[in-house]
Structures are given as structure tokens and as C-alpha cells.
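Visitor: Questions regarding the structure given below will be posed in turn.
Just so it is clear, none of the values below were taken in a lab; they were calculated from the coordinates. Given the structure is predicted, the values throughout are model-derived calculations rather than measurements. Cβ: placed from backbone, ideal geometry, glycine included. Neighbour counts: every protein chain shown.
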Amino acid sequence: MAGPLQGVRVVDLTNVLMGPFATQILGDMGADVIKIESPEGDTVRHLGPMKNPGMSAGFLHTNRNKRSVVLDLKQAEGRGVLLDLIRTADVFVSNVRPAALARLRLDADLLRAAKPDLIHLSLVGYGSDGPYADRAAYDDMIQAVCAIPSLIAQVGDGVPRYVPLAIVDRVVGQAAATAILGALVHRLRTGQGQSVEVPMFETMVPYVLSEHMSGLTYQPPIAPPGYPRLLAPSRQAYPTSDGFVCALLYTDRHWRAFFTLIGEPGRFDADARLASIAARTRHIGELYAEVSAALRLRGTAYWLEALAKADIPVMPLHTLASLMDDPHLRAVGFFRTLEHPSEGPIHDMAPLGRWSATPADPVRPAPTLGQHTQEVLAELATPPHNQETKPCA
């Protein structure tokens, strides 16, 4: 069974992580994603551990279900081939700055002239109408301007640290894939293409402020910003006598069951701080501290069993290594061993969701640089320009 986007062609002029993550989602759904690379290749090809040059682990996990075509867009011939490809495409995705595309004579108006019903999605750091529009945008910079390190400093040791994930690239990449799907639905209904701009900064701000805008929502403000439960310093993995456990007490039932479990069955009804979710939120720091003190008295295995039996949300605290051996992920077949043509056996992760009629499934491992140049050019009825792994001028 084919994926839901079978028959959709995506020309992908993206690099590093955000754009490639977005287009991998589309490729997993069955789209024909043609990854346009410079002669040097995607930057991520060369970052991190690898068995062979240009095939890093990070690249393998963000570029499956794509065909790699090398074009030198600084040359007129390379730009001509790209335009020929765009004339066959439904979607063009780029994270090249619009000014740079304009210098290459690949701006949105020209592309839409070449293919009037084209969906052209531009991934940018900051919306093109604002004063930050020309600034370089990296995951760390967007985290900073969205106040994420400030939140971490507030609940930690005062040092504004970045989240140790490329979280912005992933979130915005997912948003870009969603925007493309919306534009495709619009085109199905109307026959019209369109240009879509997805800025990193503006996409991330609601992820931060939807909880933390708080009293600043109102004019004039009625309370300071920040959601107390999320900002409680004791909101963390709880130490046990021999490790850590992750538990969440949220509802009336959770709190009542917890105090019963630790031998204080009348506590829930007697303590005014527990009377409602609003009251608990006001006092959440001190309440979490009490939970922490109780959990230190016994071992992790005891609490995992006892809290689960009391129907209180609880999970083990994984490390990166133990996550790879999680029993649930093993049972659902999340990690699969694939035989990569150049890299040998590799761990691969499952695509998004489960589909009853059109399951998304990896069919192509991440390509070597320029692996499909000749194949794709042949589909354009263009004579081969060079060897498969060489750039087309």
C-alpha cells in the first residue's frame, strides 16, 4: 500500500536539519522528494560519527525517502535544470534566505511563473516584514530570543542554558510539513498554488507563551508572566533511595491516592493547599518538595510499581542508551535494523503514526551524495551531464 502523498513531487532545496526534517516527513508519507545538494553536499553529511565520508549518523536520520541530485546553482545550467525540475513538481521547499534566492534568480515570483500552481514554502529565521529579517537564524539563537534559556535559568541554577536538543529545528520542521499539507488541500480544492513563509521565531513564540503569558494576557496585566507548575524548581525527576523516578501528581485523585500510599489518608481533605487545582498551583513548589522528600525513602523499583498500582502517572527516567532498549519501543517495532547500501546495518526509527489505509513506511535509505542525479535527469529527458556522483554544472 502506498503512502497518502504518492504522486506528489517535492523539490527540496534545504540544508542541515529543519528543512530536511520537514521533507523527510513528506517522503515518509510517500511523496517523491528530490533533494537538491551542492557539490559539497548537505552540511550535516559531514557532522558527527560516520563510517564513510559524507554519510554521518545525523544525515541518515533526516534524509530517508529522498533522491539526491547534485546541482551547482551558481551556474546557469544548474539553475536551468532546477527550473526544469520545478516545472514537474507540486512543492518547492527552501531554507535559503530569500535574498540569496533572488541573487540566483530563483525568487518566488520567478518560480511561480515557471509553475503557476506551485506551492513554494520558504523556511526563514524571522518574518520578512520585521527588523530581524536579515539576521542569521540557528536553533540556539531562536531558543534565546524566545526566552527558553531564561526559563531554564529560572528553575535551575541561574545559568541560561539551551535545551540540549535541536528543538526549534524539529518543531518548525513539523510546522512546515503541516503548512505544506494545508497548501496541498487548498490546491486540490481550487487548483491554485501559493507561496508560504514559515518563520522560526514566530512559530516558536506560541510554544513558549501559550502557558507563560499568563497574567500578561489581559490589558492591563493582572498577574506576572509564568505558569507556576511548570516553573516550580522541584518539578523534576524525583530522587529515590537508589536512583530517580518520574511521577506527576495533577488531579484530585492523584493527590488523594499519593497521600494514602505514604500513610496519610486524611491529608488530602485536611490540607487547604490541596483543595483545588488552583490552590495546588499556587503552592506547587512546596507540595512538590514534600513529594520529593517522601520518594527519597524507598527505591526506584518500589515506586514504579506502587505508583502505577495507585494509578498515579509514573515512568522510569531513561538515559539515551537505555532509551534504545525501552520495552515498549521494542514491542511496537519502533527501532528497525535496515541494510543501508553503503553503510551496512543501521538502526532506523519508525515514521509518523499508524495508518490503516495508507501507511507511511521508509522505502529508501538516506542517499549518498548525488546518487540519483542521472536517474532524475533521465526522467526529465535531459542528457546526462556527468557521472552520478558528480555535480551537474
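Visitor: For residue 62, what charge total do you get from the other residues with a beta carbon under 12 Å from its beta carbon, if Lys and Arg give +1 and Asp and Glu give -1?
Guide: 0
Visitor: If the chain between residue 153 and residue 194 were fully stretched, how many nm would it gain, using 0.36 nm times the residue separation less the Cα-Cα distance?
Guide: Taking residue 153 through residue 194 to full extension adds about 10.6 nm, to one decimal.
Visitor: Give the separation of the Cα centroids, the stretch 20-85 to the stretch 158-204, in Å.
Guide: Taking the Cα centre of the stretch 158-204 as reference, the centre of the stretch 20-85 is 19 Å away.
Visitor: Hey, another quick one. For 324, 204, what's the fewest-to-most ordering of other Cβ within 10 Å of each Cβ?
Guide: 324, 204
Visitor: Counting DSSP beta bridges in the chain, what percent are antiparallel, to the nearest 5?
Guide: 30
Visitor: When the chain is treated as a GNM, springs tying every alpha-carbon pair under 10 Å, which of 264, 40, 202 comes out with the largest mean-square fluctuation?
Guide: Of the options given, 264 has the highest mean-square fluctuation.
Visitor: Within the set of other residues whose C-beta is less than 11 Å from the C-beta of residue 267, count the net charge using Lys and Arg as +1 and Asp and Glu as -1.
Guide: Here the count lands on -2.
Visitor: Could I ask something else about it? Based only on other Cβ atoms within 10 Å, what is the fewest-to-most ordering of 218, 162, 238?
Guide: The most exposed by this proxy come first: 218, 162, 238.
Visitor: Right, another one. Would you look at the GNM of the chain, springs on alpha carbons closer than 10 Å, and say which of 301, 176, 114 moves the most?
Guide: 301
Visitor: Gap in Å between the Cα centre of the stretch 338-367 and the Cα centre of the stretch 208-228?
Guide: Their Cα centres are 43 Å away from one another.
Visitor: Using Cα springs under 10 Å in a Gaussian network model of the chain, which residue among 332, 16, 81 shows the largest mean-square fluctuation?
Guide: 332
Visitor: May I pose another question? At a Förster distance of 45 Å, what's the computed FRET efficiency of residue 117 paired with residue 217, Cβ-Cβ distance as r, to 0.05?
Guide: Computed FRET efficiency for residue 117 and residue 217 comes out at 0.65.
Visitor: Next up: Can you compute 3J(HN,Hα) from phi for each residue in the stretch 124-129, using the Karplus curve 6.51 cos²θ - 1.76 cosθ + 1.60 with θ = phi - 60°, rounded to whole Hz and x for Gly and Pro?
Guide: Taking θ as phi minus 60°, the curve returns 10, x, 9, x, 5, 8 Hz for the stretch 124-129.
Visitor: For the residues 335, 21, what sequence is obtained by ranking on other C-beta atoms within 10 Å, fewest first?
Guide: The fewest-first ordering by Cβ neighbours comes to 335, 21.
Visitor: Further question on the same structure: Calculate how many DSSP beta bridges within the stretch 28-177 are antiparallel, expressed in % of all such bridges and rounded to the nearest 5.
Guide: Counting only bridges with both partners in the stretch 28-177, antiparallel ones make up about 10 percent.
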